[in-house]
1. Exactly one condition in (1) out of contact with any strand residue (DSSP E or B) (no Cβ under 8 Å at 6 or more places or on another chain); (2) open to solvent by 30 Å² or more (accessible area, probe 1.4 Å) is not met by residue 178; state its number.
2. For residues that are β-branched (Val, Ile, Thr), within 16 Å of ligand 1 (Cβ to nearest atom) and surrounded by fewer than 24 Cβ atoms within 10 Å (Cβ to Cβ), tally how many sit in the stretch 83-125.
3. So which of 204, 167 is surrounded by 12 or more Cβ atoms within 10 Å (Cβ to Cβ) and among the polar types (S, T, N, Q)?
4. In this structure, does residue 187 turn out to be touching a residue at least 40 places away in the same chain (Cβ under 8 Å) and surrounded by fewer than 13 Cβ atoms within 10 Å (Cβ to Cβ)?
5. Of all the residues that make up the stretch 51-71, how many are more than 18 Å from the chain's Cα centre (by Cα), over 18 Å from residue 29 (Cα atoms) and open to solvent by less than 50 Å² (accessible area, probe 1.4 Å)?
6. In the list 126, 206, which residue meets the criterion of being under 18 Å from residue 7 (Cα atoms), assigned to a helix (DSSP H, G or I) and of a type in the set (Lys, Arg)?
7. Looking for whichever is crowded, with 19+ Cβ neighbours inside 10 Å, away from ligand 2 (no atom under 15 Å from the Cβ) and within 23 Å of residue 178 (Cβ to Cβ) here; the options are 25, 17. Which one fits?
8. Can you name the strands (runs of 3 or more DSSP E) wholly within the stretch 30-90 that have at least 3 residues being within 22 Å of residue 134 (Cα to Cα) and either in contact (Cβ under 8 Å) with a residue 12 or more places away in the chain or in contact with a helix residue (DSSP H, G or I) (Cβ under 9 Å, 6 or more places away or on another chain) (or both)?
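The values are calculated or read from the model by the stated rules, or taken from the named source; none is laboratory data. All values derive from a computational prediction rather than experimental measurement. Ideal geometry is used to build each Cβ from the backbone, glycine not excepted, and the neighbour counts take in all protein chains shown. Surface areas here come from the heavy atoms of the whole protein model, side chains and all, with no ligands, DNA or RNA. Shrake-Rupley method; radii C 1.70, N 1.55, O 1.52, S 1.80 Å.
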Amino acid sequence: MSKILLIASQKGGVGKSTTAINISSVLANQGHDVLLVDSDRQASVSEWWAERKLHHPDKPKIACIQKYGELDDTLIDLRNRYEYVIVDVTGRDSEEMRSAMVVADILLTPVKASQVDINTLPNMCKIIKQSRVFNKRLLSYVFLSIAPSNPKINEIEQAKRTILDFSELQLLKTVVFDRKIYRDCMADGLAVTELNGRADSEISAKKEMLALVEEVLHGQI
Ligand SMILES: Nc1ncnc2c1ncn2[C@@H]1O[C@H](COP(=O)(O)OP(=O)(O)OP(=O)(O)O)[C@@H](O)[C@H]1O
Ligand SMILES: [Mg+2]
């Protein structure tokens, strides 16, 4: 059964594009037919894709298109042609985000563990509620992204408690930590799961990305 996965938030720089490319790569490496829809004119996903195509032709193929404005009809059509359609939108309330949300199977919202970021969630919940009028089966998840790895900082637990109050967004167990390897991979056209290094941070990044995919797509962790 094909799925449209929309990755969206009303905050910029929270890891949407990073999540889109890493999830796409996990699925492509599992043998699935994946399409990335880049609906952000900033084009981070398209740039990553072009880099991948040029420098890593041996890696599993992922299709990629750019599409702006109303996305609903296009996404319905694309869902018939790919197993997974993964949509990356800009970091604010946009026509692209709203039109994708009325046809998506899953909405995934990364959020940083800071109050300013969490403050954008109530409005996101409002938009999810409106989308559910048309799209009753929409599943909506939120996860902590670019989280501080210093154990002395207890922002993660505080943020988790606050997020639990938003009934429209289900908080995932997986936390994606702040690791340089994500930035490097984005620049290199690769995903963290495609690296072969033995550094702790690389192994941890792989584990958290695989856990994220399991939790989002199969409800398991
Ligand atoms: N887990 C992470 N650890 C470290 N750096 C990260 C992580 N996730 C993303 N980044 C880096 O943070 C920056 C913002 O990430 P990204 O572009 O994925 O966010 P975004 O939400 O798509 O931003 P925008 O709203 O501008 O589209 C990038 O430089 C990216 O490489
Ligand atoms: Mg982005």
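1. The single condition residue 178 does not satisfy is (1).
2. Residues of the stretch 83-125 β-branched (Val, Ile, Thr): 85-87, 89-90, 102-103, 106, 109, 111, 116, 118, 120.
Pick out the ones that are also within 16 Å of ligand 1 (Cβ to nearest atom) and you get 86-87, 89-90, 109, 111, 116, 118, 120.
With the extra rule that they be surrounded by fewer than 24 Cβ atoms within 10 Å (Cβ to Cβ), the set shrinks to 90, 116, 118, 120.
Residues meeting the conditions: 4.
3. On the way: 167 fails: surrounded by 12 or more Cβ atoms within 10 Å (Cβ to Cβ).
Only one candidate qualifies: 204.
4. The answer is yes for residue 187.
5. Residues meeting the conditions: 1.
6. Numbers: 206 fails: under 18 Å from residue 7 (Cα atoms).
Checking each option against the conditions leaves just 126.
7. On the way: 17 fails: away from ligand 2 (no atom under 15 Å from the Cβ).
Step by step, each of 25, 17 is checked, and only 25 is crowded, with 19+ Cβ neighbours inside 10 Å, away from ligand 2 (no atom under 15 Å from the Cβ) and within 23 Å of residue 178 (Cβ to Cβ).
8. On the way: elements: 34-39, 63-66, 84-89.
Per the criteria, 84-89.
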